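> Pasting a structure below so you can have a look.
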């Protein structure tokens, strides 16, 4: 080591406070390339404590506090990292989803007006009870004049399966409910997709929690894939789905809600498309027919076209 290097190694940076010889000797044991920052830290500690002279004791106490702060900071970071990992790995609470389609018995319309009004009021009371409940999201639609087999539809979303049963029981006990037949009912759940959406990565998270939009139209159908689909490798299926997803992203006006029915209903999926533009949905379905994935479709009917209305307007659309 040259003389200049030795002087650099032993040098003491300029100080603002008075230092004892013993404290200065302690600093020479600190690598010269970090010595300046260490001295500044010790002097700041001394100022905070109201000390004007830095001696060996001040150096020791400053070091202890600094090491303690470093340990505490490390612990905080480890705790934060562990919390983040827990948040990322814990199971997301999933929703139950139900689409119930009702058909009115024409005999109800031949009842005395007073009986009709009473039955309608009882039915509305139950609907409003659940519409105002924090246990369920409830949306209503009409299909009067659009389909012959169903008049109105209730889209229900809840974290508790039993809520659907409780509500249905109450509806059946009303004067109007006794004349309404559930012609179709689909049960499904939300679930994180196993396929990556490279065009809209955030959409994957959307599937675990449905937040219905404000679109005027809703198109619903059950969906079953051929067993051959599940015999393909995941990589092959992802490639086929890439084309499917690409086509879907060409129609931003159409919002897709995919839910899963494996083992809890007769189908594998129930899909619900929300849009203000039926023509866009029609074009989307036509485009999807030309994709490779379409070859693996076993069933995707019946398709229900629904018009979003208020609860009161849904009931009124029955002509009562």
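Bear in mind that the values in this text are calculations on the coordinates, not laboratory data. Just so you know, these numbers come straight off a predicted model, no measurement behind them. When we count neighbours, we look across all protein chains shown, and the Cβ atoms used for this are built from the backbone with ideal geometry, even at glycine.
> Would you mind ranking 153, 27 so that the residue whose beta carbon has the fewest other beta carbons within 10 Å leads the list? Could the numbers behind the result be given before it?
On the way: 153 26, 27 21.
Result, fewest neighbours first: 27, 153.
> Let me ask something else about it. I'd like the orientation of helix 32-49 relative to the chain: the angle between its Cα long axis and the longest Cα principal axis, in ° from 0 to 90, rounded to 10.
Around 80 degrees separate the two axes.
> List the relative contact order of region 96-316 as a percent without decimals, with contacts defined as Cα pairs under 8 Å and 6+ residues apart.
Over region 96-316, the number comes to 27 percent.
> With everything on Cα atoms, drop me the angle between helix 278-289 and the longest principal axis of the chain, reported from 0 to 90° to the nearest 10.
The answer is roughly 80 degrees.
> Calculate the translational D of region 234-299 in whole µm² s⁻¹ from Stokes-Einstein, where the hydrodynamic radius comes from the Kirkwood formula applied to all Cα pairs, the temperature is 20 °C and the viscosity 1.002 mPa s.
This corresponds to a translational diffusion coefficient of 165 µm²/s.
> Top mean-square fluctuation among 227, 35, 192, Gaussian network model of the chain, C-alpha springs under 10 Å?
35
> For 236, 291, what ranking results if the residue with the fewest other Cβ atoms within 10 Å of its Cβ goes first?
In increasing order of surrounding Cβ atoms, one gets 236, 291.
> Another question, then. Short version: what are the Cα gyration tensor semi-axes of region 196-320, square root of 5 times each eigenvalue, largest first, in whole Å?
Value: 28, 17, 14 Å, ordered largest first.
> Moving to a separate point now. What order do you get for 191, 226 when you list them from fewest to most C-beta neighbours inside 10 Å?
In increasing order of surrounding Cβ atoms, one gets 226, 191.
> Take every Cα pair under 8 Å in region 256-320 that's 6+ residues apart, average their separations, divide by the length, and report that relative contact order as a whole percent.
17
> Ok, one more. Which semi-axes, in whole Å and largest first, does the equivalent ellipsoid of region 96-316 have when worked out from the alpha carbon gyration tensor as the square roots of 5 times its eigenvalues?
Its equivalent ellipsoid spans semi-axes of 35, 17, 16 Å.
> Separate question: Using only Cα atoms, find the angle between the long axis of helix 113-131 and the longest principal axis of the chain, and express it within 0 to 90 degrees, rounded to the nearest 10.
The two axes meet at around 20 degrees.
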